[in-house]
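Reviewing the structure listed below.
Quick note: the coordinates plus some simple rules give every number you see, no bench work behind them. Computed from a predicted model, the values in this text were never measured in an experiment. Methodologically, a virtual Cβ is constructed for each residue, glycine included, from the backbone with ideal geometry; neighbour enumeration extends over all protein chains shown.
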Amino acid sequence: MRRARPQPQQPQITSDLSQEFEAHTQYLLRTRFIWFSGTMTVFGGLVVLVLVISGVIGLFSGPDLSAPLAAIAGQLSPTLRSVLSWLFAVTLLVTYASCLVGAKRNAFPPHRMLLTSYLLVMADGLLQVSMDWAGARGTAGLFAVMITHIIACSFLPWTATQALRPIVPVLILNAALAAALSEDGLSWLAVKAPFSLLIAVPGVLICVIRHSRRTEEFKLAFFQRRYGEVRRELFDARRIHEALFPAPIKDGPVQFSYVYEPMHQIGGDYLYTSCAAPGKPLSIVLMDVTGHGIPAALTVNRLHGELQRLFAENPGIGPGEVLASLNRYVYLTLANHAVFVTALCLRADPEADTLEYASGGHPSAYLRGVNGTVHDLPSTSLLLGVSPDAEFAPDPVTLPFHPGDTLIAYTDGAIEARDQHGRMFSMTGMQRVIAGMPRLRVGEWPQSLIHAVEQHRSGPPADDTLVIEISRPVAPAPPTPEVTVPAKTSRPQPV
C-alpha cells in the first residue's frame, strides 16, 4: 500500500559524517604532524651540519654589506653573524625536534594539536624573517617562509583558512621590520607589501585541492561503509522478518501456499495463520501496511504481536472479531503516525465446508470453484485505523467452500503493477487471469499469478507483492476393492 509521505530528513547521518570526519582529521593531524616535524628536524640537522662544515673551512669570513640592518647599525662582525646563524639553526632544530618528541609521546591534547601546528609554522616564519633582517647567514627570508609553508600544507590536513592563519603574523612582522629598517621606509609597504602576500598562494592552493579531495574521498568511503552496514542489517532484518511468516500447509483438507516479493529487502505485507490442529478450521490474516521498507516492517512486527495475543486468548476467534480488534489497535496506536492497514481475515472450516471472511479496505479476493467459475470477495469494511471502534462494522460474510475450490488473495502491489504505457494490471486483469487459467495443481496459483504480473509490469516493482492460495484439494477416490474369483475345481471323471 502506497501513501504520499514527506521525505525524511537525515540530520543524524550528517552529524555522524561530521563527527567521523573530525575524528579522522584529528588522527591525520597527529600522524602528519609527526611526519612534518620529523622532516623539518632532519632538514634542521642538515643546516647545522652545513654550518659546522662552513665554520671549519672558514666560509664565514669577509664582510657582508647586503644586510639591511648592517647598513643602518653598522656592519656586524663575522663572529656575531656566525653566532646568529648558529643560534637560528639550533633554535629551529630544537623546536622541531621537541615537537616531534612531544607528538610521538602524545604530549599535545587532540584539541591542541591544530593550534600547535599553527604555532610551529608561525614560529619558523617569524624566526626566518627576523634572522634575515638581522643579516644572519643561512636564511632566505620570505622565500624560506614560503618553502616551509608549502611543506606544512603538503603534510598537514589544513583547510585554506587554516593555511592562512600561521602565515599572516609572519607577513605582518616582515612588513613592520621593512617599514622600520628598510631604506624605502613606508613606500615599501605600498609597493612591495602586496606582493609579499603571494608567498601564501602555493600553500593555500595545495590545501584547497587536498582538502577537497580528502572530503570527497571520505564521504565516498563513509557512505560505502554505511551502505555495507545497512545491507548487512537489512539481510539480518529480512531473515528475522521472514521468520514471522508461516510455513505453507501442503497436507490436509485445507492447504495454503504463498509467494512474497518485497519491493525492498523487507516490506509491509504480512501473512499470519492459526490452526488448532490438522483438520480443524484454519484462520489466515493477510495485511498490507502503508509505506515500504524498514518502517513498514517495524509496523508488521507490532501487528504480529497483536495477532499472537488475539489467537492465544481465543483460538476460535472469527474473522469479524479479528478485523475489529485490529482496527482498534491501529486506530489507537498507529493512526496518529499516519500509518494505516488493509486486512483480509479468513477462516476456512473443512468440517462445515464454509469460508468466512471480513475485509477492511483490502483488494477483492477471488474464489474459483471446482467448475471454473470465479466469484469476487469485495471489502466488507473500511480501511483499518480511519474510524474509532464504535463506528467500525466488520460485517463478516460466510460462503460455501467445498473440495476443489480455491481462494486467491493478494496485496495491491500485484494489481498496481504498470506496463510501459502506465496501465495497471488492475483487479479486472487479475480476475481475467484467474478465470482464464487452466486448472492448476494445488500450490501452483501464487507463482503463476506472480509470473503474470511480472509479464505485465514494465521496470522494477513499485510496491510489495504478496499472493496467497487457500485450497480444498479433492480427496482421491477410495481404491476399488479387489474381487477374488474362486478357482474352478475339476470334478473327478468316472472310470
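Apply 1/(1 + (r/R0)^6) to the Cβ-Cβ distance of MET424 and ALA179, taking R0 = 51 Å, and write down the FRET efficiency to the nearest 0.05.
Once rounded, the FRET efficiency stands at 0.05.
Please work out the Cα center distance from segment 24-45 to segment 263-333, rounded to the nearest Å.
If you average the Cα positions of each part, the centres end up 62 Å apart.
For ARG238 and LEU197, calculate 0.36 nm times their separation in residues minus their Cα-Cα distance, and state this gained length in nm to one decimal.
That works out to 8.7 nm of additional length.
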